[in-house]
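Report on one structure; see the data block that follows.
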Amino acid sequence: MKKPLLALAASLAWACAAQAADIKLVVNADQPGPVIHRNIYGQFAEHLGTGIYEGMWVGPESKIPNVRGWRKDVVAALKELKVPLVRWPGGCFADEYHWREGIGPRKQRPVKVNTTWGGVAENNAVGTHEFFDLVDQLGAEAYVNGNMGTGSPQEMAEWLEYMTAEGHSTLADLRRKNGHDKPFKVSYFAVGNETWGCGGNMRPEYYADMYRHWATFLKTPENNRPKFVASGGNDQDTTWEDVLSKSVRFNFDAISHHAYTFPSGQWEPKGPAAGFPEAEWISMLSQVSKIDSTLTKTAAVLDRNDPKKRLEIYFDEWGSWYDPEPGSNPGFLVQRNTLRDALLAALHFNVFHAHADRVKMTNVAQMVNVLQAMILTSRDKLVLTPTYHAFALYTPFQDATSLPATIENNPVYKVGATEMPELSATAARGRDGKLYVGVVNSNATQGAELVLQVGANAPKSVKGRLLTATAMDAQNELGKAPQVTPVAYEAQAVDGRLTLKLPAKSIVVVAVEG
Ligand code: AHR
């Protein structure tokens, strides 16, 4: 008799301990937070490698099916993501871009050396008109990055006039002659890029003065005034945000910030995109917390200098950056894209949602064939990357209203000396009225069970999609069966409890019912 009683007591104790340690996700549906601006899901396309040429632009004469030069297959895949906005033409390239070289008959446009990216010929086939055609085809907004590095205030002001002037002027008439009668809609315009580095190696005070000077001359019709964006800091440095928000007032709506993630945590060597150990899995994913703390720091700086919250933060370059793919031109920034990148993206989204009161735009770097791309192409073939699928899962969060979501008893995921919370979650009320929840399980080897509560109640059921794979570096390669594709996911409440079961290294996005 003694033994079974002891065993029963032990199992009861275990059951109680397990109960006490329930991992819970509690969503407060009645405390709406800020709207998650759809532009948080913005993209970035630079004249870099095959990011634009080949990857998206093949020209109207190409045998690859295209609409006025833009690949039909790529545009169709991007439309599925509801791409809200595209930033162009760079990046570092923007500060060497002269807009007049990209208008008029394509055959007559000058060919230049793309000195920033790979030293290849840039034939200017994609210019202002082609870019606006792309955003029209995508149904997206345009974010144009102006050239401060090698341009002049006059060149920048004239580009804006060319794009936006309504009546009769030589530049407006030239735009008409080149095929666009009505002004283009420029939603956002940046004055320089990475002015602390490739955009001119400036000091923040010098750039702030330059910005004040140049922005004075950026004039457009009032009904077509873009939001003007100053180039801010990099990584965890918020000095630029401080200096700019203290000293600039005119034509100043937002500050951009950049932060890339390298497995080694440093610029060189960065680490491989695939074939990595678990230590490099966690080193990538755990670094997203630095973006969270940088945004908290930036928000504090802006709350001090801009208490009315007039200024927005645009995280207009982010994503993974690995050692270049062996055999590729190192200036083309070609890299593989694996399940790790999908989780990295989803963790970024959860952080951006948490800062949605100030963060109104972000742009993953980059859209096609470059860095953490959505799509990889080779000739007439394309493949959708794991990152593409992470973006696809999160589309219901575009313009959704964020809701507080707290994880109780979140386990710690640890590999060697690196640790991070195992689970990350976000919740929002979608524009369709449904409650959406997104959860990432960063643990590469252990699944997790998470009890979902909305307020004090258990929902009846959830339905959505799950993204995972067998290997940490699972990828989708051209000509091979894809290893990372979303599958349907659902769960029902049992005895008044709804448990989300998350496999190791997975993302789940669900709509909550009941
Ligand atoms: O996205 C690649 C490059 O990274 C961009 O051109 C530049 O702005 C950043 O340093």
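Within the span defined as region 366-380, one or more residues are basic (Lys, Arg) and more than 27 Å from PHE276 (Cα to Cα). The set of residues in region 192-210 being in contact (Cβ under 8 Å) with a residue 60 or more places away in the chain and surrounded by 23 or more Cβ atoms within 10 Å (Cβ to Cβ) consists of GLY192, ASN193, GLU194, GLY199. For region 216-254, residues that are out of contact with any helix residue (DSSP H, G or I) (no Cβ under 9 Å at 6 or more places or on another chain) and either outside any strand (DSSP E or B) or modelled with pLDDT under 95 (or both) total 3. Evaluate region 20-41: report whether one residue or more is away from the ligand (no atom under 16 Å from the Cβ), at pLDDT below 95, in a loop (DSSP other than H, G, I, E, B) and hydrophobic (A, V, I, L, M, F, W, C). Among the residues of region 20-41, at least one is away from the ligand (no atom under 16 Å from the Cβ), at pLDDT below 95, in a loop (DSSP other than H, G, I, E, B) and hydrophobic (A, V, I, L, M, F, W, C), which makes the answer yes.
For TYR162, the stated conditions do not hold, so it cannot be described as among the hydroxyl-bearing types (Ser, Thr, Tyr), at pLDDT 95 or above and under 21 Å from ALA230 (Cβ atoms).
Checking each residue in region 260-283 for being more than 14 Å from GLN335 (Cβ to Cβ) and touching a strand residue (DSSP E or B) at 6+ places or on another chain (Cβ under 7 Å) picks out GLU278, ALA279, ILE282, SER283. Checking each residue in region 255-296 for being among the polar types (S, T, N, Q) and either surrounded by fewer than 17 Cβ atoms within 10 Å (Cβ to Cβ) or assigned to a helix (DSSP H, G or I) (or both) picks out SER264, GLN266, SER283, SER286, SER289, SER293, THR294, THR296. Selection of region 250-291 for residues being touching a His at 6+ places or on another chain (Cβ under 8 Å) and farther than 23 Å from GLY90 by Cα yields only VAL288.
Of the set (1) touching a Pro at 6+ places or on another chain (Cβ under 7 Å); (2) over 22 Å from GLU141 (Cα atoms); (3) surrounded by fewer than 21 Cβ atoms within 10 Å (Cβ to Cβ), all apply to ASP235 but (1).
The strands (runs of 3 or more DSSP E) found entirely in region 90-155 that carry 3 or more residues being within 16 Å of the ligand (Cβ to nearest atom) and modelled with pLDDT of 95 or more are 141-146. Could you look through region 408-433, keep only residues that are crowded, with 17+ Cβ neighbours inside 10 Å and in a loop (DSSP other than H, G, I, E, B), and pick out the one that is nearest to the chain's Cα centre (by Cα)? Top of the filtered list is GLY430.
Per-residue answers, yes or no, for (1) closer than 17 Å to GLN483 by Cβ; (2) surrounded by fewer than 24 Cβ atoms within 10 Å (Cβ to Cβ); (3) free of Cβ contacts under 8 Å to residues at least 60 places away in the same chain:
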position: TRP321; (1), (2), (3): no, yes, no
position: GLN335; (1), (2), (3): yes, no, no
position: MET361; (1), (2), (3): no, no, no
position: MET367; (1), (2), (3): no, no, no
position: THR377; (1), (2), (3): no, yes, no
position: ALA390; (1), (2), (3): yes, no, no
position: ASP399; (1), (2), (3): no, yes, no
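Those strands (runs of 3 or more DSSP E) of region 316-403 in which 1 or more residues are hydroxyl-bearing (Ser, Thr, Tyr) and within 16 Å of the ligand (Cβ to nearest atom) occupy 359-365. Checking SER247 against (1) among the hydroxyl-bearing types (Ser, Thr, Tyr); (2) more than 26 Å from SER320 (Cβ to Cβ); (3) within 13 Å of the ligand (Cβ to nearest atom): exactly one of these is not met. Which one? The single condition SER247 does not satisfy is (3).
Within region 70-89, the set of residues being over 17 Å from the mean Cα position of the chain (by Cα), in a helix (DSSP H, G or I) and surrounded by 21 or more Cβ atoms within 10 Å (Cβ to Cβ) comprises just one member, VAL74. Taking region 434-514 and the strands (runs of 3 or more DSSP E) fully enclosed by it, the elements with 3 or more residues that are in contact with a strand residue (DSSP E or B) (Cβ under 7 Å, 6 or more places away or on another chain) and surrounded by fewer than 17 Cβ atoms within 10 Å (Cβ to Cβ) are at 487-492. Within region 270-279, not a single residue is without any contact (Cβ under 8 Å) to a residue 40 or more places away in the chain and at positive phi.
The values are calculated or read from the model by the stated rules, or taken from the named source; none is laboratory data. A quick note: this is a predicted structure, and the numbers were derived from the prediction, not measured. Note that each Cβ is placed from the backbone with ideal geometry, even for glycine, and that neighbours are counted across all protein chains shown.
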